[in-house]
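Below is one structure, written out as structure tokens; the observations come after it.
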Amino acid sequence: MAKIIRAQRAKKTIVRSAPRKPAKKAAAGSSPKSTAPKKSPKPRPWTAAEVHEAFSRFREANPEPKGELEHLNPYTLLVAVVLSAQATDAGVNKATRALFQVADTPQKMLALGEDQVRDYIKTIGLYRNKARNVIALSEKLIAEFGGEVPRSRAEIESLPGAGRKTANVVLNMAYGEHTMAVDTHVFRVGNRTGLAPGNTPLEVELGLEKVIPSEFMLHAHHWLILHGRYTCLARKPRCELCLINDLCRWPEKTV
């Protein structure tokens, strides 16, 4: 057996690798081609005159825009906005019409109780957690703010279920503050048009506050929300109907 193995090894041949060709030298003054993808150029920022023109058109088309969340007072507005997280305004309105008829103050909401609040809003997403927040924020309003919705962003944000967007909506709609509430529609419009691009809602909010003239700020977030909801749609924007399509910086616009 050992003889057979030695004979087989003797028959094997050594395969030598082919010699490598020397690399070509780059011509003098030339540089190797980059394989990195080319970045698309940033859109040209809007001028102050263009921003003024855009919001002048919004104002002319809709002088007094209204939020679509139904409410009776600052408290019911606060509750409606808290309930609207990850839900549509129409869905919230359907649930709160009956709720607000029986509980339009923190005291009445507490008397109703979490179980019954849950029954009223069970058609809204995350209704169990939201019912808990409505009761908790009502308790805090009574204990710390005399049953009234506070007038500062920090105080509103301290309430269960309320964040920066909620505070901005309440301050704007209930108290006439010049705030910019950035929801998914405003975030999309700010980025797509190039009016105030940003990676986060806060960046878009601050960008819009920086460029929008004060004379438009009371209604600005409503104009942008409505524009995003009905014209500058997420999947198929209706560019042919857009009031500002000549000013928009979106490279894929269809007009």
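The values are calculated or read from the model by the stated rules, or taken from the named source; none is laboratory data. From a predicted model like this one, the values you see are computed outputs, not experimental measurements. Don't worry about glycine lacking a Cβ; one is built from the backbone with ideal geometry, like all the others, and counts go over all protein chains shown. These accessible areas exclude ligands, DNA and RNA; they are computed on the full protein's heavy atoms, side chains included. Shrake-Rupley method; radii C 1.70, N 1.55, O 1.52, S 1.80 Å.
Within the range 200-223, at least one residue is open to solvent by 50 Å² or more (accessible area, probe 1.4 Å), hydrophobic (A, V, I, L, M, F, W, C), over 14 Å from Gly67 (Cα atoms) and under 18 Å from the mean Cα position of the chain (by Cα). Scanning the range 126-139 for residues that are of a type in the set (D, E, K, R) and either surrounded by 17 or more Cβ atoms within 10 Å (Cβ to Cβ) or free of Cβ contacts under 8 Å to residues at least 12 places away in the same chain (or both) returns Arg128, Lys130. Consider Gly163 carefully, then state whether it is surrounded by fewer than 17 Cβ atoms within 10 Å (Cβ to Cβ), small (Gly, Ala, Ser) and in contact with an Asp or Glu (Cβ under 8 Å, 6 or more places away or on another chain). So Gly163 passes the test. Residues in the range 52-88 that are of a type in the set (S, T, N, Q) and surrounded by fewer than 16 Cβ atoms within 10 Å (Cβ to Cβ) were compared, and the one that is nearest to the chain's Cα centre (by Cα) is Gln86. Out of the residues in the range 144-154 that are in a helix (DSSP H, G or I) and crowded, with 16+ Cβ neighbours inside 10 Å, state the one that is nearest to the chain's Cα centre (by Cα). Looking at the filtered set, the residue picked out is Arg153. Exactly one residue out of Lys140, Lys122, Lys130 is out of contact with any Ser or Thr (no Cβ under 6 Å at 6 or more places or on another chain) and not in a helix (DSSP H, G or I), and it is Lys122. Among the candidates Val117, Val92, the residue that is of a type in the set (A, V, I, L, M) and either within 30 Å of His219 (Cβ to Cβ) or not in a helix (DSSP H, G or I) (or both) is uniquely Val92. Please enumerate the residues belonging to the range 29-51 that are open to solvent by less than 100 Å² (accessible area, probe 1.4 Å), under 27 Å from Trp250 (Cα atoms) and at pLDDT below 95. Ala36, Ser40, Pro43, Pro45 - these are the residues of the range 29-51 that are open to solvent by less than 100 Å² (accessible area, probe 1.4 Å), under 27 Å from Trp250 (Cα atoms) and at pLDDT below 95. Just one of the numbered conditions (1) buried (at least 20 other Cβ atoms within 10 Å of the Cβ); (2) at pLDDT below 95 is not true of Val117: (2). Considering Ala181, Ala174, the condition of being open to solvent by less than 20 Å² (accessible area, probe 1.4 Å), modelled with pLDDT of 95 or more and either over 15 Å from the mean Cα position of the chain (by Cα) or within 28 Å of Arg238 (Cβ to Cβ) (or both) is satisfied by Ala181 alone. Out of Leu241, Leu195, Leu226, I need the residue that is open to solvent by 60 Å² or more (accessible area, probe 1.4 Å) and either modelled with pLDDT of 95 or more or among the hydrophobic types (A, V, I, L, M, F, W, C) (or both). Which one? Of Leu241, Leu195, Leu226, the one residue that is open to solvent by 60 Å² or more (accessible area, probe 1.4 Å) and either modelled with pLDDT of 95 or more or among the hydrophobic types (A, V, I, L, M, F, W, C) (or both) is Leu241.
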